[in-house]
1. Residues being under 20 Å from the mean Cα position of the chain (by Cα), surrounded by fewer than 16 Cβ atoms within 10 Å (Cβ to Cβ) and farther than 16 Å from PHE365 by Cα: count how many of those fall in region 395-430.
2. Mind checking which residues of region 190-246 are in contact with a Ser or Thr (Cβ under 9 Å, 6 or more places away or on another chain) and either aromatic (Phe, Trp, Tyr) or open to solvent by less than 10 Å² (accessible area, probe 1.4 Å) (or both)?
3. When the residues of region 356-386 are narrowed to those that are among the small types (Gly, Ala, Ser) and open to solvent by less than 50 Å² (accessible area, probe 1.4 Å), which ends up modelled with the lowest pLDDT?
4. Working only within region 36-76, note down all residues that are among the hydrophobic types (A, V, I, L, M, F, W, C), touching a residue at least 24 places away in the same chain (Cβ under 8 Å) and within 21 Å of VAL105 (Cβ to Cβ).
5. Given region 102-157, what helices (runs of 4 or more DSSP H) lie entirely inside it while holding 2 or more residues that are under 29 Å from the mean Cα position of the chain (by Cα) and among the small types (Gly, Ala, Ser)?
6. Is it the case, given these coordinates, that VAL433 is surrounded by 23 or more Cβ atoms within 10 Å (Cβ to Cβ) and within 14 Å of ligand 1 (Cβ to nearest atom)?
7. Do you know which of the residues in region 431-467 that are polar (S, T, N, Q) and within 30 Å of the chain's Cα centre (by Cα) is nearest to ligand 2 (Cβ to nearest atom)?
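The values are calculated or read from the model by the stated rules, or taken from the named source; none is laboratory data. On a predicted model such as this, the values are computed, not experimentally measured, just so you know. Positions of Cβ are generated from backbone atoms using ideal geometry, with glycine treated the same way; all protein chains shown enter the neighbour counts. Side chains are part of the model used for accessible areas, which takes the heavy atoms of the whole protein and leaves out ligands, DNA and RNA. Shrake-Rupley method; radii C 1.70, N 1.55, O 1.52, S 1.80 Å.
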Amino acid sequence: MSEERKPDKPVKGRKNGLYRGISEELEDGMRRGWSDTERHDLEPSEQSGYAAKRRKAVSAAFPGERIIIPAGRLKTRSNDLDYNFRAASDYAYLTADQTENSVLVLEPQPDGGHAATLYLLPRSNRENGEFWLDGQGELWVGRRRSLAEAAAELGLETLDSREAAQRIAEAVAAAPHVITRILRGHDALLDAALAEAGATSRQDADAAERLDEELKVFMHGLRLVKDDWEIEQLRRACEITTRGFTDVVRELAQAVATSERWIEGTFWRRARVEGNDVGYNSICASGPNATVLHWTRNNGAVRPGELLLLDAGAETEALYSADVTRTLPISGEFNEIQRRIYDAVYDAQEAGIAAVKPGANFRDFHEAAQRVLAERLIEWGLLEGPLERVLELGLQRRYTLHGTGHMLGLDVHDCADARCEEYVDGTLRPGMVQTVEPGLYFQPDDETVPAEYRGIGVRIEDDILVTAHGNENLSAGLPRQADEIEAWMRSLRG
Ligand code: GLY
Ligand code: MN
C-alpha cells in the first residue's frame with residue numbers, strides 16, 4: 001500500500017481481491033472522462049511567508065552546505081493499514097506543508113544562499129491507473145494538490161518526491177566536497193540513500209552523525225522563540241483545549257456511568273473537530289490513577305468523591321499543541337484534604353508563573369514552585385526541615401516527581417534537543433512559550449504519608465508566553481483557583 005511505484009508501471013490488483021482482473025476496456029475507459037480540476041487561483045498562504053523567513057535562518061547558519069529536511073513516511077499499523085500521518089515538526093516549520101514522503105532540500109548556490117526545492121507527492125497518475133488501483137491513489141485517499149498548486153500556495157519550487165533520493169544522490173555525486181546534512185530518523189529511504197551517496201563529508205559515519213546532530217540541535221534552538229504566527233496558533237490550541245475541558249465537565253455523568261475512556265473520547269472529539277488531533281495522548285486519570293504521571297490507559301472507573309486529573313491538549317491544523325492540566329472534584333466540590341493539597345499546588349503554580357519573565361533564568365520558575373511545595377510538605381509533617389536542606393537534597397521529589405515545566409510549540413515537549421545553554425541553563429526571551437505544571441502525588445501504597453493523603457494526585461498546568469515585560473497565560477480561559485473551579489463546574493452542570 002505504501003510501496004513506491006514508478007509512474008509508468010501499471011498497478012495490479014491485490015491478492016484475495018474479489019475482482020480477478022481488469023478488462024482492457026475498463027482500464028482504457030478509466031483513463032478518460034475526467035474534468036480538469038487544476039486550480040490556477042492559488043496564492044501563497046500566510047504561513048508560507050513565515051516559513052520562508054525560517055528557511056533564511058537555516059540558510060544563514062549553514063552557508064555552502066546542503067540541508068535535507070524530510071517530512072517522514074507512512075508507518076504501518078497492521079497488515080495493509082497505516083497510522084494517520086503526522087509530518088515531522090521541523091519539516092512543517094520550514095515548509096508550511098504536511099504531505100507524507102516529502103522532503104525539503106536547501107541546495108547551496110555559487111553566489112551564496114540556498115535554493116529551496118520541495119519534493120512532494122504529486123497528483124495520482126491516471127494513465128497507468130495508479131489513481132484508482134493503488135492504495136495511496138487519490139480515489140482511495142482523496143485529492144492531493146498538484147505540484148503547481150503546491151508551488152503557488154507554499155512559494156516553493158516543487159518536484160516529484162519519488163525522484164528525491166535519486167536527485168539528491170546525483171547532486172552529491174556532482175559535488176562530493178559539499179557538506180550534506182539530513183534530519184535523521186524520519187525517512188529511512190533518504191537516510192540510506194545518503195549513507196550510500198559517498199559525499200566526502202559522509203564517508204566517515206561518525207562525522208556524518210555529528211553533522212546531522214548539529215542540524216537537529218540548531219533546529220530546536222531556532223524554534224525556541226516563536227514568531228507571531230506561531231503564538232496565534234498556540235493561542236488557538238489553548239482555546240480549543242478550553243472548549244474540550246468544558247465538554248468533559250458537561251459529560252462527567254456519562255464518565256461516571258462508563259469509565260475514563262468517555263473523558264478521553266469527549267476531549268478527542270473536540271480536538272478533531274476544531275483542530276488536527278490531540279497533541280499527545282490524553283491523561284484522563286481518576287482517583288489513584290492521578291498519581292501515575294503519564295496514565296494514558298484511561299480504562300479506570302470515575303468515582304464521585306475522587307479527583308479527576310485531566311492532562312490534555314488540542315493540536316491545531318498547523319500542528320501546534322496546547323498542554324493543559326486541571327484537577328477537578330468529580331462530585332463538583334473538593335473535600336478538606338483534597339483542597340489542602342490542591343491549594344498547595346495552586347500556590348506553587350502562582351509562584352512559578354510569577355517567575356516567568358524575560359531575562360529570568362529558565363530554572364527560576366521551577367525553583368520557585370518547588371520551594372512552595374517543599375514548605376507545605378514540611379508544614380504537614382511529611383518531610384523534616386529545615387527547608388534549605390530539603391531543597392538541597394531534593395527530598396520533596398518523592399511527592400513532586402517531575403520538572404515543573406517545558407517548552408511548548410509544534411511538539412508538546414518542544415525544542416528538547418536545543419543546547420542546554422539556550423534552554424534549561426539559559427534565560428527566557430520574549431516569544432518563548434512554556435508550561436508551568438507543578439504537582440503533588442501521594443501513591444496509594446506510600447507508607448510515609450497518613451492514609452488520608454494516599455491515592456491523591458494533583459497537577460495544575462498552564463501555557464505561558466514570555467512577553468516583553470512579563471508573561472501572558474494563554475490557557476487562562478480555564479479556571480484554576482479552587483473556588484472558581486467549583487463555581488465553573490456548578491454552572492456547567494446547571
Ligand atoms: N502533558 C504531559 C507532559 O507534559 O509530560
Ligand atoms: Mn506538560
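1. Qualifying residue count, region 395-430: 4.
2. Selection gives LEU194, ALA199, ALA208, MET219, ARG223, LEU234, ALA237, CYS238, ILE240, THR241, GLY244.
3. GLY385
4. Of everything in region 36-76, those that are among the hydrophobic types (A, V, I, L, M, F, W, C), touching a residue at least 24 places away in the same chain (Cβ under 8 Å) and within 21 Å of VAL105 (Cβ to Cβ) turn out to be ALA51, ALA52, ALA57, VAL58, ALA61, PHE62, ILE67, ILE68, ILE69, ALA71, LEU74.
5. Hits in region 102-157: 147-154.
6. Yes; evaluated as a whole, the condition is true for this residue.
7. Step by step, filter region 431-467, then rank; the result is THR435.
Here's the yes/no breakdown for (1) among the polar types (S, T, N, Q); (2) closer than 30 Å to ARG162 by Cα:
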site	(1), (2)
LEU189	no, yes
ALA195	no, yes
TRP229	no, no
ARG243	no, no
THR246	yes, no
PHE267	no, no
ARG272	no, no
